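The values are calculated or read from the model by the stated rules, or taken from the named source; none is laboratory data. From a predicted model like this one, the values you see are computed outputs, not experimental measurements. Counting neighbours? That spans all protein chains shown, and the Cβs are built from the backbone with ideal geometry, glycine included. For accessibility, only protein heavy atoms count, side chains too; no ligands or nucleic acids. Shrake-Rupley method; radii C 1.70, N 1.55, O 1.52, S 1.80 Å.
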Amino acid sequence: MKQVALITGSSRGIGLATAEALARAGFAVAINGPVEDEELRGAVRRVEALGGAVTAVPFDVGDVRLHSTVLARIEDTLGPLTTLVNNAGVGVLQRGDLLEVTEASWDRCLAINARALFFLSQAFARCLLARERPAGLFHSIVNVTSSNAVAVAVQRAEYCASKAAAAMVSKALAVRLGPENIAVYDVQPGLIATDMTAPVIEMYRQRAAEGLTLIPRVGEPDDMGNIIATLASGKLPYTTGQVISADAGMLVPRF
Ligand SMILES: NC(=O)c1ccc[n+]([C@@H]2O[C@H](COP(=O)([O-])OP(=O)(O)OC[C@H]3O[C@@H](n4cnc5c(N)ncnc54)[C@H](OP(=O)(O)O)[C@@H]3O)[C@@H](O)[C@H]2O)c1
């Protein structure tokens, strides 16, 4: 019996590092990006090189109508799913004054970062509840939200709102799915060096070294991958509904 995971947004960044960490932990993995492109194929090759079973499922997570079909396709290829990592996410269309936020940027953040996460989790949970699940396998949903679920970045208000929504969805899922022995975690990354943060990461490297984070460095995608693989492997037994502040202590209150 094997653990089988879908990691959304795993063609690069935190998602790809998570797919690699899960493959190293023995999971079969389904890799996703919005389209079938060279980046996605490259991600598949990187995970295949680790020796595990892997498949690519290109689809836009925002297209909710596709969710149950995609999950069924993964199960046909890799076997019964045990794990969903909702990682796919988008930033704002333009950083700037909250008074200038557009409906397009608001709708995009909410559609991908919150709505898609909710409905893909719903489809995944329905899929699991429709069958017998071996007691020896750990079943979980890991949602990648953000420090911005709780800490305001006023130049990215719509992103913060979408991540706060996703954090509440994580708690609600934990309440609904706890009795079904499906654990739900909310991983809140702080400052991680990926394409998403490339325009600002050098400034944050400096600020981290000066004390913005308690551990004086920015995070790497592998840091997040290892945290998520630890959670999804059931190595925090008897827990659910927890927030993991994956931020080097950035949000610890202090004066
Ligand atoms: N980096 C940080 O400091 C940080 C901090 C807090 C939270 N996070 C969260 O962590 C998650 C991963 O971030 P990252 O930094 O690794 O971002 P990234 O480097 O921009 O990667 C985002 C991934 O999501 C995919 N994606 C975007 N929209 C999608 C859609 N509609 N359907 C399917 N896949 C989609 C992208 O595919 P394409 O390559 O095809 O676009 C890419 O694989 C996000 O939810 C982000 O909000 C990141």
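Evaluated at q = 0.10, 0.16, 0.17 Å⁻¹, the base-10 log of the normalised Debye intensity for region 111-220, with identical point scatterers placed on the Cα atoms, takes the values -0.38, -0.80, -0.86.
Mind ordering 16-29, 104-117, 230-243 by average Cβ neighbours within 10 Å, highest first?
Packing order, densest peptide first, comes out as 16-29, 104-117, 230-243.
Sequence-distant contacts, meaning Cα pairs under 8 Å at least 6 residues apart, place the relative contact order of the chain at 20 percent. Once the Cα-Cα distance is subtracted from the 0.36 nm per residue extended length, the residue 38 to residue 98 segment shows a gain of 18.0 nm. The alpha carbons of the chain occupy a box of 50, 38, 37 Å along the principal axes, longest dimension given first. With respect to the chain, whose longest principal axis is taken over its alpha-carbon atoms, helix 13-24 is tilted by about 40°.
Leaving out ligands, DNA and RNA, what percent of the accessible area of the chain is carbon and sulfur, probe 1.4 Å?
Carbon plus sulfur share of accessible area: 56 percent.
Computed from the Kirkwood radius of its Cα pairs, the Stokes-Einstein diffusion coefficient for region 187-255 at 20 °C and 1.002 mPa s stands at 165 µm²/s.
Roughly speaking, what is the centre-to-centre gap between region 1-72 and region 200-255 when only Cα atoms are used, to the nearest Å? Taking the Cα centre of each part, region 1-72 and region 200-255 sit 23 Å apart. Descending by average beta-carbon neighbour count within 10 Å, the peptides 247-255, 137-145, 6-14 line up as 6-14, 137-145, 247-255, the highest first. Relative intensity of region 116-155 on a log10 scale, I(q)/I(0) at q = 0.31, 0.35 Å⁻¹, equals -1.08, -1.16, per a Debye sum over C-alpha point scatterers of equal strength in the absence of solvent. The residues of the chain present an accessible area of 48 Å² per residue when probed at 1.4 Å with all protein chains retained. One equal scatterer on each Cα of region 1-116, no solvent, Debye formula: the resulting log10 I(q)/I(0) at q = 0.09 Å⁻¹ is -0.26.
Hull surface divided by four, with the convex hull built on the Cα atoms of region 64-170: how many nm²? Mind dumping the intermediate values first?
Values: hull surface 30.2 nm².
Average projection, Cα convex hull of region 64-170: 7.6 nm².
Seen against the Cα atoms of the chain and their longest principal axis, helix 116-129 is set at about 20 degrees.
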